[in-house]
Amino acid sequence: MELLAGLFGLVFGSFLNVCIYRLPVGKSIVWPPSHCPICGKKLKWHDLIPVLSFVLLRGQCRFCKSRISIMYPVVEILSAAGAYLSFKVFGLTLEAVLLYLFYMVLLYIGAVDVRTKEISTISIILLGILKIGFVAVQTLSEGKHMSISGMVFVLSGGILNSAFVALIWLLSKGKAMGFGDVLLLIAGGFGFDWKEMVVCNLLSFAVGALWSVVYLIKHGCGKSSFKSEIPFAPFICFALFITTIWGKWLADLYINLVWRG
Ligand SMILES: [Zn+2]
């Protein structure tokens, strides 16, 4: 079942690519049909098979031979992986559907941040609604009720989750972290308990640091544009998704290792 979800994930990833490339510049996602952004030629149906077409065309346009961004197959593979994981962990449930939609918005935000260094407010709002929906369905399926105090806990989880990055944003006057990063941590962090907040923040900085090291090895040190070339949102998106699925488990694993080791 999760393999089938992964296959659907490839196709949805293909559609997400259209959104990633067109929505930020205000273009329609239904018209015109898919075309090469360089020569404008309409693509054939067999050029639109996720991942496979990219491999067969060796990453080039069939007509003008200009390079196709590696982002296309990467987004398709990530979409498939997210669908696979969501349905593997939660089975064929409403939780899995909401988790996958949440993941797709994260993927959209991360990819658009890489391309344009912007995070749109509407995508943040959508992310927050999906996260609250996911937490609500999860709570109800455990046989608990949604109370006012429960709702306060859900919302404060998001706000506290952003506290550390919000502090950096304030102290650096928006230079080290963007306000979009703060909003992303709030909307994606709804429902986190303190353990999940720690895991989420540690994970985003750890992966960000790791990526920076790889970047420095590849491009050499001393580049003044270093910071502006590495957007932080993709790391936050990654951490939010992993923490939403395995946050509590990762925290307990870490605590056990430290206390027993
Ligand atoms: Zn072309």
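With respect to the conditions (1) free of Cβ contacts under 8 Å to residues at least 24 places away in the same chain; (2) within 16 Å of the ligand (Cβ to nearest atom), Ile29 falls short on a single one, namely (2).
Within segment 64-80, the residues that satisfy the criterion of being buried (at least 16 other Cβ atoms within 10 Å of the Cβ) and within 16 Å of the ligand (Cβ to nearest atom) are Ile68, Tyr72.
Residues considered: Cys39, Cys61. Of these, the only one that is within 16 Å of the ligand (Cβ to nearest atom) and open to solvent by 20 Å² or more (accessible area, probe 1.4 Å) is Cys39.
Within segment 50-62, residues that are under 21 Å from Gly40 (Cβ atoms) and in the same structural domain as Leu10 (by TED's automatic domain parsing) sit with their Cβ atoms under 7 Å from residues that are loosely packed, with under 15 Cβ neighbours inside 10 Å and among the small types (Gly, Ala, Ser), at 6+ positions apart or across chains, in these pairs: Gln60/Ser66.
Per the conditions (1) of a type outside the set (Asp, Glu); (2) open to solvent by 40 Å² or more (accessible area, probe 1.4 Å); (3) at pLDDT 85 or above, the sole criterion not satisfied by Leu184 is (2). Among the candidates Leu126, Leu101, the residue that is under 14 Å from the mean Cα position of the chain (by Cα), without any contact (Cβ under 8 Å) to a residue 24 or more places away in the chain, more than 16 Å from the ligand (Cβ to nearest atom) and assigned by TED's automatic domain parsing to the domain that holds Phe235 is uniquely Leu126. Against the numbered list (1) open to solvent by 80 Å² or more (accessible area, probe 1.4 Å); (2) away from the ligand (no atom under 13 Å from the Cβ), Phe90 comes up short only at (1).
Taking each residue of segment 63-91 that is among the polar types (S, T, N, Q) and in a helix (DSSP H, G or I) and looking for partners that are modelled with pLDDT of 95 or more and open to solvent by 60 Å² or more (accessible area, probe 1.4 Å) with beta-carbon atoms closer than 7 Å, six or more apart or interchain, yields Ser79/Phe12. Do the conditions hold for Phe153, that is, is it open to solvent by 90 Å² or more (accessible area, probe 1.4 Å) and out of contact with any Gly (no Cβ under 7 Å at 6 or more places or on another chain)? It is true that Phe153 is open to solvent by 90 Å² or more (accessible area, probe 1.4 Å) and out of contact with any Gly (no Cβ under 7 Å at 6 or more places or on another chain).
Per-residue answers, yes or no, for (1) modelled with pLDDT of 90 or more; (2) within 24 Å of the chain's Cα centre (by Cα); (3) within 29 Å of Leu98 (Cα to Cα):
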{"site": "Ser212", "(1), (2), (3)": "no, yes, no"}
{"site": "Tyr215", "(1), (2), (3)": "no, yes, no"}
{"site": "Phe226", "(1), (2), (3)": "no, yes, no"}
{"site": "Glu229", "(1), (2), (3)": "no, yes, no"}
{"site": "Ala233", "(1), (2), (3)": "yes, yes, yes"}
{"site": "Asn256", "(1), (2), (3)": "no, no, no"}
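Given the structure, is Leu140 among the aliphatic types (A, V, I, L, M) and open to solvent by less than 80 Å² (accessible area, probe 1.4 Å)? Answer is no for this residue.
Being more than 16 Å from Leu155 (Cβ to Cβ) and part of a helix (DSSP H, G or I) is the filter here, so list the residues in segment 168-199 that pass it.
Ile168, Trp169, Leu170, Leu171, Phe179, Gly180, Asp181, Lys195, Val198, Val199
Only a single item in (1) of a type outside the set (Lys, Arg); (2) open to solvent by 40 Å² or more (accessible area, probe 1.4 Å); (3) not assigned by TED's automatic domain parsing to the domain that holds Leu185 is not met by Ala83, and it is number (2).
The values are calculated or read from the model by the stated rules, or taken from the named source; none is laboratory data. Only a predicted model underlies this, so the values are computations on that prediction, with no experimental measurement involved. FYI the Cβ positions are ideal-geometry reconstructions off the backbone, even for glycines, and counts take in every protein chain you see. Side chains are part of the model used for accessible areas, which takes the heavy atoms of the whole protein and leaves out ligands, DNA and RNA. Shrake-Rupley method; radii C 1.70, N 1.55, O 1.52, S 1.80 Å.
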